[in-house]
Amino acid sequence: MRCTVFIDESGDTGLKKVRQGTGNGASPYFVLAACVMPEATQILAKKMLKELEDTFGRHWKHATDLNHSQTVYFSRKSVELNLRFFAVVSKKATLEAYAEEISWKPHKFYNKCTQYLLERVGGYLRGKGLFDSDPDVVFEGRNHDFDALRRYVGKIKDDPQHAEAKNIQCFNPFGFVERAKHEEPLLKYADLAAHAVYQCVNKTPNNYNIPEPRYIAELQSRFGADVSGKVLGAGLKCIHSIESIKFDADVRSKIESLRAMPRVAMKHR
């Protein structure tokens with residue numbers, strides 16, 4: 001069964017000047033998310049986007065263009081499709097030594113987050129018996145050196161240094177492509193997943209510093225999960241721990257309680 005992995009983000013990768021409170025600077029968090037879609041689902045997913053545009057009476061590029069009720073509705077409709085979401089989330093203030101190690105270079109931070117994300121997606125594909133079929137991978141186009149990303153992932157694939165890195169071996173990094181949303185509207189599903197996770201940590205004057213876990217709660221049944229159905233650690237990775245993210249207590253409780261259809265246990269080949 002062929003599938004495509006769509007990848008999008010929420011927040012930005014800037015590391016040197018990170019925004020605090022209402023000040024200027026890069027986002028304090030970064031989220032990278034993936035949506036895994038079998039070929040047959042892609043036809044239905046495009047049809048759903050058209051129906052949502054008709055319902056909302058508008059086109060949109062990003063989930064941030066939608067209001068709260070529209071985002072909830074988009075989330076609720078998305079879980080009707082045969083797809084899986086994955087995400088990684090990082091609080092930049094906790095990177096410390098790693099940021100020094102990569103000389104505060106945003107593209108290296110993005111590439112590392114991509115590695116963590118692909119490890120989770122690859123683990124899911126392995127569990128589904130799809131590890132021997134290279135999935136297509138589509139990133140939303142951004143100001144990034146994708147050739148360097150391809151080489152980085154290729155190096156890990158050729159010489160994985162730990163067990164999870166072996167999950168990257170199902171990907172052909174030199175087949176990765178980048179597309180704008182008007183070229184590939186299915187990126188909107190990955191964008192929705194990234195937005196849902198980011199809103200769990202987003203605090204601004206506009207939301208009265210109250211994060212919103214409603215969207216990820218709506219999407220949880222379609223997130224990747226371990227054999228017990230737990231999303232945290234399988235479909236959602238916190239870099240490098242849930243403590244590092246500094247979720248509000250109520251949001252952390254919600255994150256820890258997320259459940260989805262359990263992944264079928266299979267022996268690694």
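Tabulated data
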{"read-out": "Cβ-derived FRET efficiency at R0 30 Å, THR94 paired with GLN70, nearest 0.05", "value": "0.40"}
{"read-out": "Net charge of neighbours whose Cβ lies under 14 Å from the Cβ of PRO211, counting Lys and Arg as +1 and Asp and Glu as -1", "value": "+3"}
{"read-out": "Cβ-Cβ FRET estimate between VAL227 and LYS105, R0 fixed at 35 Å, reported to 0.05", "value": "0.40"}
{"read-out": "Average accessible area per residue (Å²) across the stretch 1-75 - probe 1.4 Å, nucleic acids and ligands excluded", "value": "50 Å²"}
{"read-out": "Contact order normalised by residue count of the stretch 95-174, Cα under 8 Å, 6+ apart, percent", "value": "38 percent"}
{"read-out": "The stretch 159-185 and the stretch 97-112: distance between their alpha carbon centers, rounded to Å", "value": "19 Å"}
{"read-out": "Pairwise label distance in nanometres, LYS47 with ASP136, each label 7 Å out on the Cα-Cβ vector", "value": "1.9 nm"}
{"read-out": "Prolate/oblate/rounded call for the stretch 25-176, Cα gyration tensor, a/c under 1.5 rounded", "value": "oblate"}
{"read-out": "Length-normalised contact order of the chain in % [C-alpha pairs under 8 Å, at least 6 apart]", "value": "26 percent"}
{"read-out": "Under 13 Å, Cβ to Cβ, from PHE146 - net charge with Lys/Arg +1 and Asp/Glu -1", "value": "0"}
{"read-out": "Over the chain - Rg/Rh using Cα atoms and the Kirkwood inverse-distance radius", "value": "0.94"}
{"read-out": "Too-long pairs where the Cα-Cα distance tops 24 Å, listed order kept, from LYS92/LYS203; LYS16/LYS188; LYS128/LYS157; LYS46/LYS108; LYS128/LYS181", "value": "LYS16/LYS188; LYS46/LYS108; LYS128/LYS181"}
{"read-out": "Counted charge near TYR29, where neighbours are those whose Cβ lies closer than 12 Å (Asp, Glu -1; Lys, Arg +1)", "value": "+3"}
{"read-out": "Those chymotrypsin sites (Phe, Trp or Tyr not before Pro) in the stretch 14-73 that DSSP places in a loop and that have at most 15 other beta carbons within 10 Å", "value": "none"}
{"read-out": "Euclidean distance between Cα centres, the stretch 1-60 to the stretch 123-142, Å", "value": "17 Å"}
{"read-out": "Carbon and sulfur %, accessible surface of the stretch 33-154 computed with the full protein complex present, 1.4 Å", "value": "47 percent"}
{"read-out": "The chain - mean residue ellipticity at 222 nm from DSSP helices (-39,500 (n - 2.57) per run, n ≥ 4, rounded to 500)", "value": "-11500 deg cm²/dmol"}
{"read-out": "Heavy-atom SASA rank of ILE156, ILE168, ILE210 (probe 1.4 Å, accessible area, largest first)", "value": "ILE210, ILE156, ILE168"}
{"read-out": "Relative contact order of the stretch 25-103, defined on C-alpha pairs under 8 angstrom at six or more residues apart (%)", "value": "60 percent"}
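The values are calculated or read from the model by the stated rules, or taken from the named source; none is laboratory data. Keep in mind the model is a prediction, meaning the values are calculated, not measured. Note that each Cβ is placed from the backbone with ideal geometry, even for glycine, and that neighbours are counted across all protein chains shown. Ligands, DNA and RNA are excluded from the accessible area calculation, which covers all protein heavy atoms including side chains. Shrake-Rupley method; radii C 1.70, N 1.55, O 1.52, S 1.80 Å.
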